[in-house]
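Student: Sharing a structure, written as structure tokens. Questions coming.
The values are calculated or read from the model by the stated rules, or taken from the named source; none is laboratory data. The model shown is predicted, which means the values in this text are computed figures rather than measured ones. Neighbour counts are summed over all protein chains in view; Cβ atoms, including those assigned to glycine, are modelled from backbone coordinates with ideal geometry. Protein only, heavy atoms only, side chains kept; ligands, DNA and RNA dropped before computing areas. Shrake-Rupley method; radii C 1.70, N 1.55, O 1.52, S 1.80 Å.
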Amino acid sequence: MKKALGSLIFFLGVFFLLAGCGDKTFTINQVEIKTDILADGSMTVKELYNYHFQGSFKGTTRSIHDAKVENFKAYLIPSNTKDKFSTKNAIPLKTTKDKDDDDNTIYKTYTQSQNESKQVLYTYTVKNVVKKYRDAAFINYSFYDSENESDLHNVTIHYQFAQALNERDHAYLHDYTGKAELQKAKKGFDYHIDTLPAGSSTEVHFLLEPSAFSEKATDAPENKYEALQQKEDKLHERLIHRSERLEGIKQPLLVLSGVVLVLVFMALIIKIQRRMSRREEIVEMEIGELDPLYVHFLDQRLAFSHGALTAGLLSLVRRRVVRLEKATIHEKYIKDEDFPNETLRFTLLVDKKSLSEADRFLVSWLFTERYEGKPSFTLDSIYGPTEKEKEKSEKAFKKKAERFQEKFSEWQDLLLDMPAFSRERFKTSVRAFPIIALLLTVVFAGVVNLLFFIDGMAIGVIVAVNICLAILLLASFIVYLMVHHIKIVFYGYFFVGLISLLFLHTGAPIALSLLAGLAIVCLFVIIPSERWLEEKLNERRLLKAWKRSVKAERLSVNFLDQERLEDLLYIAIVLGISEDFMATYQKDDRYQTLEKTSPLLQNPDLMTSGMDPSLFLLMFATSSSATSTTSSTPTSTGGGGAGAF
């Protein structure tokens, strides 16, 4: 027993030892930076880092963003060195320069370390940190920014200038932690913070007399001192009161989020109750009476997708406007395994003049051949290219597909103009929705702006974001009132607002504001802008229930009449469940003795594979995609972070 217990303790010890060996971490216990901002507008920098390594590391890293850096060097400072910033007794370290995914500069310094503490000194020069005007000089530089991934402890930065400061020289601390300090010295300023959390900034702005930079040319021959001072004073005042104001909005935001989430929950309960009370009984007789094109429109939530072409052709067949029969496929498709070995022919049986405008267009567009003296066409005439054809003349087929797409779009427009597909026949608008939308969008704008003003954001950014939101909101209401009362047009407005909350702020306020904003968006999404008419809703639910039953093989075979079976097969093809549907019926013994005179029932596999929309030339049409870019508030130069590898 003791031996077994000893073995267990031994193996557990080995396990925890190995687990501990796998962990490697580092801390930066102290950072001290000395800068000299010279008369030519450049800045010499010395940065001293006190690292403590747990585990094995190859070296350290320093990333610097948006700055022109020269003569970057790294040194290992011996522990017994008195002047830590002197390179006299320091050991030079190998350094490489690289770029990250955002094209920012990363310096890697190689110094093998394992379970020890080290002091690493970086020295470099930053060119043109000063923006010089006729009556002012402005510096906007940060040694660390939101991309710094390491907590930095005991951070001190000494800013030293070429001449003594006077009453017109000012420094503005942009501190979002509420814990940093900035003190004025004889020829500069000293910054200190006990702990700079990862992702935080050390941004400091300086407004100085231009005479301090006599060796630098004027960048802009204009007077900017008063304008810059007013701007910085306003931002500084907001930052001073930021913490207490953020505390003040916590409770209102939590209450708002709670109220909105309760409303969301209530709306969901009502929606679920209404859904459960509706009809679920599947009546195949009713499904078979529906027109295939109508079913497609209903299934696609009142729209026509590429599958509409199949549905439109089957609609013509079902209405006895067109005869459907099996035909020989073009030999080029026989050799391509992506295509069926046979195809289908559609032949017009009635005078085109008796058809609706949309049907006439479809017949004139596709039925360009003659068969038995009547307009006709075979499905392979609208198939896409084979693999060999793609290799030889892909561009030619793309142009052909684009022309095909144009014709298809014209046909879609004609269908949508028909009274049978008028949106008003399927849905009715919710009269109260515009008022609800206005209320929610205004409250959402309030949440966005509340954080803007508290978080010390620049006026220019606030104005730009609000102009963008106002334009989006106005455009959303105009489009909503003009185009079928579709509320999806408002989503762009909410998206921009949420993105501004996420990327233009730092720290704790993001979470509460995002919670309130997302709660408002959820409520907006749940509240309907229009309602299905009861009859149409029942039809749609009937189709969905039938589709689920067919896929799950829970469909019971109630009858085996050829005509009715054909009608149901049309619907199954349109819904993309024809294989499951036929598999259910073919299992029934009565199906084997059923007289099958139609090509659909004689060869259901051909119907399924041959009328697959993915084979059509339509799917080969080129599609263009638009890319969008997002812009953020202007940031200081410099930035970056420190780490290890």
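Student: Hey, can you tell me all the residues within region 232-247 that are more than 30 Å from Asp169 (Cβ to Cβ) and either modelled with pLDDT of 70 or more or open to solvent by 60 Å² or more (accessible area, probe 1.4 Å) (or both)?
Tutor: Applying the first criterion (more than 30 Å from Asp169 (Cβ to Cβ)) to region 232-247 yields 246-247.
Glu247 - this is the single residue of region 232-247 that is more than 30 Å from Asp169 (Cβ to Cβ) and either modelled with pLDDT of 70 or more or open to solvent by 60 Å² or more (accessible area, probe 1.4 Å) (or both).
Student: A further question follows. Being of a type in the set (Lys, Arg), at pLDDT below 85 and open to solvent by 30 Å² or more (accessible area, probe 1.4 Å) is the requirement here; does Lys250 meet it? First the steps, then the outcome.
Tutor: Numbers: of a type in the set (Lys, Arg): yes; at pLDDT below 85: yes; open to solvent by 30 Å² or more (accessible area, probe 1.4 Å): yes.
The answer is yes for Lys250.
Student: Moving on to the next point. Identify the residue in region 273-297 that is modelled with pLDDT under 75 and part of a helix (DSSP H, G or I) and, among all such residues, is nearest to Ala545 (Cα to Cα).
Tutor: Only one residue tops the list, namely Glu284.
Student: While we're on this one: Looking at region 322-335, which of its residues are open to solvent by less than 20 Å² (accessible area, probe 1.4 Å) and either assigned to a helix (DSSP H, G or I) or charged (D, E, K, R) (or both)?
Tutor: Filtering region 322-335 down to residues open to solvent by less than 20 Å² (accessible area, probe 1.4 Å) leaves 322, 324, 327, 329, 333.
Of everything in region 322-335, just one residue is open to solvent by less than 20 Å² (accessible area, probe 1.4 Å) and either assigned to a helix (DSSP H, G or I) or charged (D, E, K, R) (or both), namely Tyr333.
Student: Is it the case that some residue within region 489-505 is more than 20 Å from the chain's Cα centre (by Cα), assigned to a loop (DSSP other than H, G, I, E, B) and either surrounded by 16 or more Cβ atoms within 10 Å (Cβ to Cβ) or modelled with pLDDT of 85 or more (or both)?
Tutor: no
Student: Counting only residues that are of a type outside the set (Gly, Ala, Ser) and under 14 Å from Tyr124 (Cα atoms), how many does region 66-92 have?
Tutor: Residues meeting the conditions: 10.
Student: If we scan region 603-613, do we find a residue that is part of a helix (DSSP H, G or I), open to solvent by 10 Å² or more (accessible area, probe 1.4 Å), at pLDDT 65 or above and farther than 17 Å from Leu313 by Cα?
Tutor: The answer is yes, given that some residue of region 603-613 is part of a helix (DSSP H, G or I), open to solvent by 10 Å² or more (accessible area, probe 1.4 Å), at pLDDT 65 or above and farther than 17 Å from Leu313 by Cα.
Student: Scan (1) at pLDDT 85 or above; (2) farther than 19 Å from Lys46 by Cα for the single condition Asn104 breaks and write down its number.
Tutor: All conditions pass for Asn104, except number (1).
Student: Right, another one. Can you tell which of Arg345, Arg323, Arg301, Arg319 is farther than 27 Å from Leu543 by Cα and free of Cβ contacts under 8 Å to residues at least 40 places away in the same chain?
Tutor: Exactly one residue qualifies, and that residue is Arg345.
Student: Out of region 518-537, which residues are open to solvent by less than 40 Å² (accessible area, probe 1.4 Å) and either part of a helix (DSSP H, G or I) or hydrophobic (A, V, I, L, M, F, W, C) (or both)?
Tutor: Taking region 518-537 as the starting set, the residues that turn out to be open to solvent by less than 40 Å² (accessible area, probe 1.4 Å) are 519-521, 523-524, 526-527, 529-530, 536-537.
Matches in region 518-537: Ala519, Ile520, Val521, Leu523, Phe524, Ile526, Ile527, Lys536, Leu537.
Student: Okay, moving on. Please work out which residue is modelled with the lowest pLDDT, limiting yourself to region 52-81 and to residues that are buried (at least 20 other Cβ atoms within 10 Å of the Cβ) and of a type in the set (Ser, Thr, Tyr).
Tutor: Ranking the qualifying residues of region 52-81, first place goes to Ser63.
Student: Name the single residue, out of those in region 303-331 being among the basic types (Lys, Arg) and within 17 Å of Glu369 (Cβ to Cβ), that is modelled with the lowest pLDDT.
Tutor: Restricting attention to region 303-331, the residues satisfying the condition of being among the basic types (Lys, Arg) are 318-320, 323, 326.
Next cut, within 17 Å of Glu369 (Cβ to Cβ) only: 323, 326.
On the way: Arg323: 91, Lys326: 84.
Step by step, filter region 303-331, then rank; the result is Lys326.
Student: Then there is this: Are there strands (runs of 3 or more DSSP E) fully within region 351-464 with at least 2 residues that are within 36 Å of the chain's Cα centre (by Cα), modelled with pLDDT under 90 and more than 30 Å from Gln229 (Cβ to Cβ)? List them. Spell out how you get there, then give the answer.
Tutor: Details: elements: 369-371, 374-378, 427-429.
It comes to 427-429.
Student: Among the listed residues Tyr107, Tyr141, Tyr122, which satisfies the condition of being in contact with a Phe, Trp or Tyr (Cβ under 6 Å, 6 or more places away or on another chain), surrounded by 15 or more Cβ atoms within 10 Å (Cβ to Cβ) and part of a strand (DSSP E or B)?
Tutor: Tyr107
Student: Now for a separate question. Test Leu316 against the criterion of being open to solvent by less than 10 Å² (accessible area, probe 1.4 Å) and assigned to a helix (DSSP H, G or I), and give yes or no. Before you say what the answer is, go through the steps one by one.
Tutor: Values: open to solvent by less than 10 Å² (accessible area, probe 1.4 Å): yes; assigned to a helix (DSSP H, G or I): yes.
When the stated conditions are applied, Leu316 passes them.
Student: Among (1) over 39 Å from the mean Cα position of the chain (by Cα); (2) closer than 26 Å to Thr27 by Cα, which single condition is Lys132 missing?
Tutor: Result: Lys132 fails condition (2) only.
Student: Could I ask something else about it? I'm checking my understanding of the structure. Among residues of region 82-104 that are open to solvent by 50 Å² or more (accessible area, probe 1.4 Å) and assigned to a loop (DSSP other than H, G, I, E, B), which one is farthest from Lys34 (Cα to Cα)?
Tutor: Per the stated criteria, the residue is Asp101.
Student: For Ser79, all conditions in the list (1) farther than 29 Å from Ala162 by Cβ; (2) among the hydroxyl-bearing types (Ser, Thr, Tyr); (3) not in a loop (DSSP other than H, G, I, E, B) hold save one; what is the number of the exception?
Tutor: Every listed condition holds for Ser79 apart from (3).
Student: Output the residues belonging to region 304-348 that are over 24 Å from Trp411 (Cβ atoms) and of a type in the set (A, V, I, L, M).
Tutor: If the condition is that a residue be over 24 Å from Trp411 (Cβ atoms) and of a type in the set (A, V, I, L, M), then Ile329, Ile334 are the ones that fit.
Student: Now for a different question. Could you grab me the full set of residues in region 171-196 that are open to solvent by 50 Å² or more (accessible area, probe 1.4 Å) and either without any contact (Cβ under 8 Å) to a residue 40 or more places away in the chain or touching a strand residue (DSSP E or B) at 6+ places or on another chain (Cβ under 9 Å) (or both)?
Tutor: Across region 171-196, the qualifying residues are Lys179, Glu181, Gln183, Lys184, Lys186, Lys187, Asp190, His192, Asp194, Thr195.
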